[in-house]
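All remarks here apply to the structure that follows.
The values are calculated or read from the model by the stated rules, or taken from the named source; none is laboratory data. Computed from a prediction, not measured in an experiment: that's the story for all the values here. All Cβ positions, even for glycine, are placed from backbone atoms using ideal geometry, and neighbour counts span all protein chains on display.
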Amino acid sequence: MFSWKNSILLILGIGVSHLGNWIYLVAINLYILNLTGSAAAVAGLFIIRPIATILTNTWAGSVIDRVNKKRMLVTVDLVRGAIVFVIPFIESLWGIYGLIFMINLIGSFFGPTSQVYITQLVPVEKRQRFNSLMSTMSSGAFLVGPALSGVLIMYFGTDVSIFVNAVTFLVCGGIIALLPNINGALINSKVKGIQAWFNDWKVVASFFKRASYFVFVYILFQTAMLIGFALDSQEVTYIKQYLGLSDEYYGLLMSITGAGSIAGALIAALIASKVPLRFYIGGGVLLSSLGYVLFYSSFNFISALIAFIILGFFMAFANAGYATFFQNHVPTNIMGRIGSVANIIQSIIQIMFTLILGFFAEILTLQLVTLIGSLIGLIISFLLLIYLIKKADATR
């Protein structure tokens, strides 16, 4: 039986984890840029996670679909918390990169597992609202995290920010431990090892062949979003070196973007039963892409601020819409494998886009490269919205 109490606990647990991520992510970005002064060095941080995902998710989905989802989520958070706790004691920059790689390697299990658990916990008619509320919590973390990180760094240094992140992982694991076990149908195959791995990939390939509509929407949506993520790797460089703003203004922009995200997510939750899913997905990603265009066209703090508000507000709709779309179109008994393969595809594209963007940013002007990239994302988003409108009956 569905219970909003359990749903709110899950949202709270994951939200606390997101808060910790933002607290230390801002600090690391600024540290790398201040240390090297290189856009490429900052972009390197954005490649660690997708590399870890590629190495893990070729087989992670097979594990996820065979284990207790709640126990997996709790274990991942506890292990991540322990590793994060060690980071302040490592003096080598490459050693820190190595620990971040391990955190992302283990963390690559969390996303696909949580998707399966959410789908089993929340019925179809509640998912769009649930995902909007989840987006609200994530946006709140995005708002509070950078600001809190700035305060912690100002008064206590980066070590405390990292310790706080470790604690948030432990808190998230503790909250999820309070939730019920909801496993649905687990795989119980007699085939083990490499043969089971091959069989799992056949199941994934068969699904993608049958689900042409899902695949097309997925490709367009993720391409537009991943162009945005690649652009994010140049965000702090653009703000500090092109706009000439200080670290404090950077943190302020991030916080205001978070405020826009919270507003967008709250409105998305309120109108979830009234607005068709296709407009959450297509309209959200189109207007988010417009936000990137406006940001990389900006010339001062105010113009960047307006762009970030638009970006944050409509990104909430896009994320909630796509999460609901994925949950409604992928069977739960193969969702772990499909989610893992999807993450591999996303990671490969993200690495490619980030490297291309970083390369051209070194040989051309940063604004020209980022503006061209954001315009390409806007065009792809427009094509997605048109396709979703034409296929209105299939989008649920």
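Some observations on this one:
- Residue within region 226-240 that is among the small types (Gly, Ala, Ser), in contact with a Ser or Thr (Cβ under 9 Å, 6 or more places away or on another chain) and either closer than 30 Å to GLU125 by Cα or assigned to a helix (DSSP H, G or I) (or both) present: yes
- Boolean, ALA259 is surrounded by fewer than 20 Cβ atoms within 10 Å (Cβ to Cβ) and assigned to a helix (DSSP H, G or I): yes
- Consider region 329-339 and keep the residues that are assigned to a helix (DSSP H, G or I) and at pLDDT below 85. The one that is farthest from the chain's Cα centre (by Cα) is ASN333.
- Subset of region 159-204 (residues that are polar (S, T, N, Q), over 14 Å from ARG337 (Cβ atoms), surrounded by fewer than 16 Cβ atoms within 10 Å (Cβ to Cβ) and at pLDDT 65 or above): ASN181, GLN195
- Looking only at residues of region 81-110 that are modelled with pLDDT under 80 and in a helix (DSSP H, G or I), we find that the one that is nearest to VAL160 (Cα to Cα) is PRO88.
- Hey, ILE348 surrounded by fewer than 19 Cβ atoms within 10 Å (Cβ to Cβ) and not in a loop (DSSP other than H, G, I, E, B) or not: yes
- Where ARG278 falls short, out of the listed (1) at pLDDT 85 or above; (2) among the charged types (D, E, K, R); (3) over 25 Å from GLN222 (Cα atoms): (3)
- Residue within region 326-337 that is under 21 Å from LEU375 (Cβ atoms) and in contact (Cβ under 8 Å) with a residue 24 or more places away in the chain present: no
- Candidate set from region 271-293 (those that are without any contact (Cβ under 8 Å) to a residue 40 or more places away in the chain and farther than 19 Å from LEU384 by Cβ); member that is nearest to the chain's Cα centre (by Cα): ILE271
- Selection from region 284-302 of residues that are within 16 Å of LYS240 (Cβ to Cβ) and assigned to a helix (DSSP H, G or I): PHE295, PHE301
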